Amino acid sequence: MSRPFILIFFVFLSSNVVGQSSSQDSTDYPYVLPIWADKVIERGMGDEMQLPFGLNVNYVNAFIDLEITEFELSFGGRDLTGIINSETLNFTSVTATTNGANFRADAWILPFMNVYGLFSKVRGSTGVSLQPTWYDSTGDIILQLPEFSSKVEFDAIAYGAGSTLIYGFDNYFMSTDFNFSRTETELLEDQVTYATFSTRVGRRFFPSKKNRHMFIAGYIGAMYRDFIGSDGNNGSIGLDEVFPDADATFNQRVDDKVQANEDEIADLHPIFDASEILKLRAENAILQEIQTTVNDSGLFTASIDYFIRKEMIQAWTFQFGFNFQINKTWAVRGEYGVSDSQRFLMTGLQYRFGL
């Protein structure tokens, strides 16, 4: 979805289910999979099985809100976390958007169990809004910069594997899917791992009496996805690439605040307002220390190293969609998922065959 937020987000379930229908024309099953296909044929449901192997190409678009829970910054081996961290940066909004192609190959290992591998290549962007704010020991604001907004684009690839379990009865069906995927992007040193679990229920409808293999299956369900196995990620980027005006804005704000404090000190009585004068002078000392530290570090012009930990604000989405099977070989699918902080759109084409 920090640029590495990429969500992503790449889940594709099986298109169809085993149902109860007319008997198979022949008891001979010509393909190597699924195992126990003969048992299905003996029960008169062999004609309902999909062809055992499938190739899918899908377009995916996803949007997600994220939360930065930890942020550390260093430059040239110098740790700046004391003055630049998740609290002082004050992230007000972090969003990630991805869109691209997903390719999936699958096989029915058992009549009720599909396994698959997936590969995705996506283009994404991360939008970050923050309003850097520094406080004194009493909790009062001593410096607050204007809110910054930035959008950084990135390319990423993802790969993974998963499995779908299905159950069908009298044209009603239920499916449960789980998968693991890993995402690589040039902005992160480490891969990002995702776990996804989803379940769906639906019903098939047959619009053609002549083509018994054509049907439309509508469904609803829920999906859960989240980062796993990671306490954070390391990366590197030039701050001027993200916030090109940050240098001038930062120094102008510090200078203005210091001057305003000096003007206020000049108007105060040196005896009766001694405590207030000491507070303002201490505040200016802190401001000048922050300014000197940041400027001497070359922060605004050089590449910096960072550590970031992020979490999804909401991991669950409500899903609804359809499968349109044209015949045993070709099918089209569409799905949309939504929650308060996520949106997910997928459309795809499936080709099935037997070996």
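The values are calculated or read from the model by the stated rules, or taken from the named source; none is laboratory data. Please read these numbers as outputs of a predicted model, since none were measured by experiment. Neighbour counts run over all protein chains shown; Cβ positions are idealised from the backbone, glycine included. Side chains included, ligands, DNA and RNA excluded: accessible areas come from the protein's heavy atoms. Shrake-Rupley method; radii C 1.70, N 1.55, O 1.52, S 1.80 Å.
I'm trying to understand the selection: among the residues of segment 52-80, which are open to solvent by 30 Å² or more (accessible area, probe 1.4 Å) and either part of a loop (DSSP other than H, G, I, E, B) or basic (K, R) (or both)?
Across segment 52-80, the qualifying residues are G76, G77, R78.
For segment 307-355, enumerate the residues that are within 21 Å of T97 (Cβ to Cβ) and among the aliphatic types (A, V, I, L, M).
Within segment 307-355, I308, M312, I313, A315, V338, L345, M346 qualify.
Can you work out which of the residues in segment 95-148 that are among the hydroxyl-bearing types (S, T, Y) and over 23 Å from the mean Cα position of the chain (by Cα) is least open to solvent (accessible area, probe 1.4 Å)?
Only one residue tops the list, namely T133.
Find the residue count for segment 297-314, including only residues that are farther than 19 Å from E70 by Cα and either surrounded by fewer than 18 Cβ atoms within 10 Å (Cβ to Cβ) or among the small types (G, A, S) (or both).
Residues that pass the stated criteria total 5.
Being among the polar types (S, T, N, Q), part of a strand (DSSP E or B) and open to solvent by less than 30 Å² (accessible area, probe 1.4 Å): is that true of T92 here?
No; evaluated as a whole, the condition is false for this residue.
Scan (1) surrounded by 14 or more Cβ atoms within 10 Å (Cβ to Cβ); (2) assigned to a loop (DSSP other than H, G, I, E, B) for the single condition P207 breaks and write down its number.
In the conditions (1) surrounded by 14 or more Cβ atoms within 10 Å (Cβ to Cβ); (2) assigned to a loop (DSSP other than H, G, I, E, B), P207 misses (1) alone.
Would you tally the residues in segment 254-276 being surrounded by 15 or more Cβ atoms within 10 Å (Cβ to Cβ), part of a helix (DSSP H, G or I) and modelled with pLDDT under 90?
Final tally of qualifying residues: 0.
Collect the residues in segment 315-352 that are open to solvent by 40 Å² or more (accessible area, probe 1.4 Å), touching a Ser or Thr at 6+ places or on another chain (Cβ under 7 Å) and under 28 Å from K210 (Cα atoms), keeping them in residue-number order.
Answer for segment 315-352, where residues must be open to solvent by 40 Å² or more (accessible area, probe 1.4 Å), touching a Ser or Thr at 6+ places or on another chain (Cβ under 7 Å) and under 28 Å from K210 (Cα atoms): just Y351.
When segment 341-355 is examined, which residues are found to be modelled with pLDDT of 95 or more, within 26 Å of W316 (Cα to Cα) and of a type in the set (S, T, Y)?
Matches in segment 341-355: T347 only.
Looking at segment 230-247, can you tell me whether even one residue there is on the phi < 0 side of the Ramachandran plot, at pLDDT 90 or above, among the hydrophobic types (A, V, I, L, M, F, W, C) and open to solvent by less than 40 Å² (accessible area, probe 1.4 Å)?
Looking for residues that are on the phi < 0 side of the Ramachandran plot, at pLDDT 90 or above, among the hydrophobic types (A, V, I, L, M, F, W, C) and open to solvent by less than 40 Å² (accessible area, probe 1.4 Å), one finds none in segment 230-247, hence no.
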